[in-house]
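The values are calculated or read from the model by the stated rules, or taken from the named source; none is laboratory data. Because the structure is predicted, anything quoted here is derived from the model rather than measured. Heads up, the Cβs are rebuilt from the backbone with ideal geometry, glycines too, and the neighbour counts pull from every protein chain shown. Ligands, DNA and RNA are stripped out before the accessible areas are found, and what is left, the full protein with its side chains, is counted by its heavy atoms. Shrake-Rupley method; radii C 1.70, N 1.55, O 1.52, S 1.80 Å.
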Amino acid sequence: MSKIEQAFADAKDRYAAIGVDVDRAIERVKNIAISMHCWQGDDVTGFEETQGGDAGILATGSYIGKATNSAELRSDIEKAYSLIPGKHKLNLHAIYAETGGEKVERNQVSAKHFEGWVDWAKGMGIGLDYNPTYFAHPMASTNMTLADPSQEIRDYWIEHGIKSREVTAYFGDTLGVTSVMNTWIADGFKDVPVDRMEPRRRLKDSLDKIFAKDLSGSNMRDAVECKLFGIGTESYVVGSHEFYMGYAQEKKKLLCLDAGHFHPTESIDDKISATLLYLDEILLHVSRAVRWDSDHIIKLNDDLKSIAYEVIAGNLENRVYIGLDFFDASVNRVAAWVIGTRNMIKALLMAALMPIEQMKRVELEVNFTERLMLQEEMKSMPFSAIWDMYCSMNNVPVGMDWFGEVKAYEESVLSKRG
Ligand code: RNT
Ligand code: ZN
């Protein structure tokens, strides 16, 4: 027996003694696909021929080796996947369209520009998710798109939204894995608005036009992402939480909860059960806010563990799509994906290894002492032995061994980029 197998066997006994079936926990987590976001690989730049205008979003740092075309990005993503246990998904943005060097307006970006990505995903055996890109563009220069007072600007972005749904349906139907399209717009005001109602009315009307076509026969979903504040929209964001919660409920859409989009003391773990009483499904953007919506790489902290716990304890993995959303340009970008995605999976596995039924029972018995005892004692259970075995079973490096591969990749590939 190897050291990993021995440690696993011992740990399994410890978990069995408190009524936790380790094999079942592993099986459960194996079936959860995380949607890894492509944009950590190039600091949310994309491969458009021309860009400009305010972003409403900001990656900081200048670490070497950022991907500058789709071949590089795919190679980096493949490297990351090879170090992450399990089969996952990739989340794309419209700015990652492959236009063959041609300048294609956002409202003309369509399924044909994603054939390369779909072929690649087929080869990898993974699903794709999608996002229209309503930022970093001259037509978004006043920080308004779908809520802009100008009909012309709204129509431009509405067309982008409509075509994006077609791209998403193409992903879902071709790959046979449900594809989620997430709508996030930066629309808002830096300073205090005089009229808070009309921009919201305009946004609602634009969304209605984008979602007008019934795509329920397609393997796709529409999600809408709310936000409290952003860069340049400190005083007012059109697509606030209440706005999209109402919209998602009325129009049967998914609500997207991003961990960095609420008040700094507010976390999204508590919102999962509440929203799912009124919505069939939701999308998560797992991120880490440091003082503001800073999109730091997710750590295995209490916030992350609580998000995973809510999904697992509520048996909600079939109603919650888990997407990642962070971008840090100050560290090796492949390492950023590996650390963040492995952390998400670790958090899910930790949750699946909790004696949840017992914990729920003591809570019902109003036995808060035992509840607290269990919550705290679980923190020192031999989780790492289970995690190591999980990595080993999935043929990915155990412990820190993945880091050597990232360093070698940096040396041989990333450091050679211009
Ligand atoms: C921005 C939103 C949005 C983006 C991505 C790139 O605040 O979180 O989800 O991060 O679409
Ligand atoms: Zn997000």
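Of all residues in segment 266-291, those that are touching a residue at least 60 places away in the same chain (Cβ under 8 Å) and within 15 Å of ligand 1 (Cβ to nearest atom) have Cβ atoms under 8 Å from Cβ atoms of residues that are of a type in the set (S, T, N, Q) and open to solvent by less than 30 Å² (accessible area, probe 1.4 Å), 6 or more apart or on another chain, in L283/N182; H285/N182.
Per the conditions (1) within 16 Å of ligand 2 (Cβ to nearest atom); (2) more than 25 Å from I312 (Cα to Cα); (3) open to solvent by less than 10 Å² (accessible area, probe 1.4 Å), the sole criterion not satisfied by V224 is (2). Sub-6 Å Cβ pairs linking a first residue in segment 67-88 that is under 17 Å from F327 (Cα atoms) to a second residue that is part of a loop (DSSP other than H, G, I, E, B), at least 6 apart or interchain, are A67/D42; L73/A67; D76/A67, ordered by first then second residue. Taken over segment 166-218, the criterion of being open to solvent by less than 10 Å² (accessible area, probe 1.4 Å), under 24 Å from the mean Cα position of the chain (by Cα) and not aliphatic (A, V, I, L, M) is satisfied by T168, F171, G172, S179, N182, T183, D187, G188. Among the residues that make up segment 339-355, is at least one of them in contact (Cβ under 8 Å) with a residue 40 or more places away in the chain, within 16 Å of ligand 2 (Cβ to nearest atom), more than 29 Å from F8 (Cβ to Cβ) and among the small types (G, A, S)? Checking segment 339-355: not a single residue is in contact (Cβ under 8 Å) with a residue 40 or more places away in the chain, within 16 Å of ligand 2 (Cβ to nearest atom), more than 29 Å from F8 (Cβ to Cβ) and among the small types (G, A, S). Applying the selection to segment 152-203, what residues are of a type outside the set (A, V, I, L, M, F, W, C), part of a loop (DSSP other than H, G, I, E, B) and touching a helix residue (DSSP H, G or I) at 6+ places or on another chain (Cβ under 9 Å)? Residues satisfying the conditions are T178, D187, P193.
Could you go through segment 98-111 and let me know if any residue there is closer than 22 Å to G176 by Cβ, among the basic types (K, R) and away from ligand 1 (no atom under 16 Å from the Cβ). No, the conditions are met nowhere in segment 98-111.
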